[in-house]
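Notes to accompany the following structure.
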Amino acid sequence: NEANGAGRDLTIDILHHLESHDPFQSDVAYPDRSQAEIKAALDRLGSRSMVEYDTNDAEQITLTAEGQQIVDEGSHEYKVWQLVKEKGRVPPKDPSLATPSAKLGSGNAIKAGWIKKDGDAFVAVKDSVQDATRETLKYVAELKTMPDQRQLKDFQKRKLVGVTKIITYEVRKGPRWAKEIPLEVTDLTAEMLEDGSWKSATFKPYNFKALGAQQNAGALHPLNKVREEFRKIFFNWDFIEMPTGRFVDTGFWNFDALFVPQQHPARDVQDTFYVSDPPESGLPGPDAPADTALDKMEAESMLFSSGDESGPKKLDYAQYYKDVRAVHQDGKFGSIGYRYPFSDSETQRLVLRTHTTAVSTYCLHRLAANPRPARYFSIDRVFRNETVDATHLAEFHQIEGVIADYGLTLGGLQAFLGKFFEQLGITNLRFKPAYNPYTEPSMEVFGFHRGLNKWVEIGNSGMFRPEMLLPMGLPEDLRVYGFGLSLERPTMIKYAVSNIRELLGHKVDLGFIESNAAVRLDKD
Ligand code: PHE
């Protein structure tokens, strides 16, 4: 028999070894095999009842590098005592006593009564000493145990020894022990049943512990997860989701209908992406895909209530366009307007929508067919021709909410925003007067973020202007307020992402997307 394990499969070797050593200790028989190797072989044999085994957990004490050094050279106190004894007198400041271990050694040697301070120097007290630490460590090095638990704790604290767990096995023959592993059959076949060979066949046992194959599942993007959280908030409050599928819109819906003057800096190519092919579309009409989608949602909504028993009015898009034009150019509905020549081609230019308020606008216009209190929201992508940096991309997502009702006030908007942001763990709002061409008054919203422990700008809001609402045909006393915020901002905070490019775009790490759990907006 060769040395155990050499040049032979370990499972076969164990079967052979058992012929003359039953039982055997795995650490004695196979000192050079890893525990994992031995365990794998025993499992293979155990599952076939060819061996049986018991597991023993044991602790092994091993020397650290410092412990080994003490075994080789003596303990720190021993070395100090030896030095002092050789030289007769050694001042504590002597360079040979300056190392940390020599300092420790001097202290211990004094405590042990081996040396003492005599005037300005150490002198030896004992002629010969027993270096017990070294003796104990020699013993540990050999036997790998340390019966005295208190001393073990002490040596561990002094980092002289370490404890490692070792697992060993006591192995004996099993009921089906043999020197070879019999050929195993994995499938029961019709032939085996016919010829009766199944009776004597050895079947490969099932491995119920085998891990299943890794499943390749899809993963939701963090932005989509946070979007879902926001959608839930809105749905809980009976908001209806607006149809935001139209990324390309006209200057009319993105700007003009919102009373944004045609010379407004936001309409500059530096801020807005214009589509070059085709560069423009027709004047506003009922072709907006919004109509059918919104109709369906409103019909399904339990909140759907008719404001007018005579049924919806037919929307007159030509009149609407004429009124928007008039309110810009000449003033109308009590407004003096901007008084500039309104361009019909500017209104038809196609843009990548710069805000989801374009969508809110056609939904509000539609509301004029049947004016009544309504709550709409949307969460979708918008585009701005901006310089890209760590917190800005040329495209991002806006969360927008719009509330129409009779007798709404600015205080009501503030109260609503307070309730809304409370859902995100942001309390204590502050409002700063701001400017939007389509709202008056307008307010920037600041919130104290408990997680970040500072005030952060979290949104924009305002009461929509009569210049926007009255041309739509909404009644004068129906007020509408709205607010918007980015989806990226809360997502970056929740997922602790500091660079927006790690969240959106071609540099995103798919591992980050796959491994991140969902978040709770209301928990820090
Ligand atoms: N459209 C605004 C923005 O892009 C947000 C907003 C929506 C403001 C509705 C007021 C009312 O920041």
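A few notes on this one:
- None of 247, 239 is more than 20 Å from residue 461 (Cβ to Cβ) and of a type outside the set (D, E, K, R) except 247.
- Listed by first and then second residue, the pairs with beta-carbon distance under 9 Å, at least 6 apart or on different chains, first residue in the range 40-60 and more than 14 Å from residue 18 (Cα to Cα) and outside any strand (DSSP E or B), second at pLDDT 90 or above and among the basic types (Lys, Arg), are 48/176.
- Checking each residue in the range 24-36 for being under 12 Å from residue 167 (Cβ atoms) and free of Cβ contacts under 8 Å to residues at least 60 places away in the same chain picks out 34, 36.
- Candidates in the range 357-404 are the residues that are under 21 Å from residue 236 (Cα atoms) and part of a loop (DSSP other than H, G, I, E, B); of these, the one that is farthest from the ligand (Cβ to nearest atom) is 372.
- Failed criterion for residue 464 (all others in (1) within 9 Å of the ligand (Cβ to nearest atom); (2) within 30 Å of the chain's Cα centre (by Cα); (3) buried (at least 21 other Cβ atoms within 10 Å of the Cβ); (4) touching a residue at least 60 places away in the same chain (Cβ under 8 Å) hold): (2)
- When residue 418 is tested against (1) within 15 Å of the ligand (Cβ to nearest atom); (2) part of a helix (DSSP H, G or I); (3) not charged (D, E, K, R), just one condition goes unmet, and that condition is (1).
- Matching residues, the range 425-450, being touching a Leu at 6+ places or on another chain (Cβ under 7 Å) and either within 13 Å of the ligand (Cβ to nearest atom) or within 20 Å of residue 264 (Cα to Cα) (or both): 437, 438, 441, 445
- Residue in the range 473-484 that is among the aliphatic types (A, V, I, L, M), out of contact with any Asp or Glu (no Cβ under 6 Å at 6 or more places or on another chain), within 12 Å of the ligand (Cβ to nearest atom) and assigned to a strand (DSSP E or B) present: yes
- Selection count, the range 248-268, where residues are at pLDDT 95 or above, more than 38 Å from the chain's Cα centre (by Cα) and not polar (S, T, N, Q): 8
Rundown of residues vs (1) assigned to a strand (DSSP E or B); (2) surrounded by fewer than 15 Cβ atoms within 10 Å (Cβ to Cβ); (3) not hydroxyl-bearing (Ser, Thr, Tyr), yes/no style:
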position: 84; (1), (2), (3): no, no, yes
position: 107; (1), (2), (3): no, yes, yes
position: 153; (1), (2), (3): no, yes, yes
position: 163; (1), (2), (3): yes, yes, yes
position: 175; (1), (2), (3): no, yes, yes
position: 187; (1), (2), (3): no, yes, yes
position: 191; (1), (2), (3): no, yes, yes
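- Residue that is nearest to the chain's Cα centre (by Cα), among those in the range 489-513 that are of a type in the set (D, E, K, R) and in a helix (DSSP H, G or I): 494
- If you check 37, 19 for being surrounded by fewer than 15 Cβ atoms within 10 Å (Cβ to Cβ), modelled with pLDDT of 90 or more and out of contact with any Lys or Arg (no Cβ under 8 Å at 6 or more places or on another chain), only one passes: 37.
- Meets criteria (of a type in the set (Phe, Trp, Tyr) and not in a helix (DSSP H, G or I)) for residue 139: no
- Filter result (part of a loop (DSSP other than H, G, I, E, B), more than 20 Å from residue 379 (Cα to Cα) and acidic (Asp, Glu)) within the range 514-524: 524
The values are calculated or read from the model by the stated rules, or taken from the named source; none is laboratory data. Since the model is a prediction, treat every value here as computed from it, not as a measurement. Positions of Cβ are backbone-derived with ideal geometry, glycine not excepted, and every protein chain shown enters the neighbour counts.
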